[in-house]
Amino acid sequence: MASLRDIYKELLGISEDVASAMARDPAARTVAEVALLYPGVHALISHRLTHQLWLHGRQFQARALSQWARWFTGVEIHPGATIGRRVFIDHGMGVVIGETAEVGNDVTLYHGVTLGGTSLQKQKRHPTVESHVVIGAGAKILGPVTIGHHSRIGSGSVVVTDIPAHCTVVGVPGRVVARYGEHQTPPEQLLDHANLPDPIAHALDNLHKRIDRLAMLLDVEEIKTAQDAPVKSH
């Protein structure tokens, strides 16, 4: 049986989930709207119940309720996953969080995010996402990797390696394209899904510039050679 302290903690968690949605979604207008109509909030509330059932050995009931929540919200969170406080799942549709995943506090997940496993062994096989991380729409974090705190993962990226703290990651596979200092503006305030760095385009642009410089040098050398060549008399 849950104690009064446990019940209080769950109620506090629910209120924090609603407050997080109000703070991070500019479309949110009222607390009632968020509490009653936001599937990401509903998925987190459901997970708080199913996770407690899971911890108390009622795995079948936990899985049954989590599958109902999946059908109702479009978000699949395994009841064994550990979810921190003030997590915000925006839109929610297509989000999948595996059994051994760990999500820290103040994390933002956009629609289509997968925290998936890459092993068939009954061990830690899903990601650990530390606090204050933002994961863009459609991003996939695969395997028992760790995403460092205050990092941000660009939309559509696929991450299969550990990511240090205070980094921006984009691409397939995901690569660190920027790193921030400890005292800079938190990355969640900087994330713009339509204006992320493109390392491939940047490399190609540098290559084109280098080719242009080399072409100019060759042209100058050809002109100089032509000027220095002796004039044939007829």
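Overview of results
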| item | result |
| --- | --- |
| Gain in span if fully extended, Glu16 to Trp71, counting 0.36 nm per residue against the direct Cα distance | 17.4 nm |
| 3J(HN,Hα) from dihedral phi, the stretch 127-135, Karplus parametrisation 6.51/-1.76/1.60, rounded to Hz, x for glycine, proline | x, 10, 10, 6, 5, 6, 8, 10, 10 |
| Phi-based couplings in Hz for the stretch 159-173 (Karplus 6.51, -1.76, 1.60; Gly and Pro marked x) | 10, 10, 10, 4, 10, x, 5, 6, 10, 10, 10, 9, x, 10, x |
| Pairwise label distance in nanometres, His202 with Arg24, each label 7 Å out on the Cα-Cβ vector | 2.5 |
| By average C-beta atoms within 10 angstrom, highest first, the peptides 163-170, 63-70, 30-37 | 163-170, 63-70, 30-37 |
| Three-way shape call for the stretch 16-90 based on the alpha-carbon gyration tensor, with the a/c threshold at 1.5 | prolate |
| Cα centre as origin, Lys/Arg/Asp/Glu Cβ charges: the stretch 4-194 dipole, Debye | 460 |
| Long-range amide H partners of His91 with built H, under 5 Å | Gly40 |
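None of the figures in this text is laboratory data; all of them are computed from the coordinates on show. Worth saying up front: this structure is predicted, and the values here are computed from it rather than measured. Positions of Cβ are generated from backbone atoms using ideal geometry, with glycine treated the same way; all protein chains shown enter the neighbour counts.
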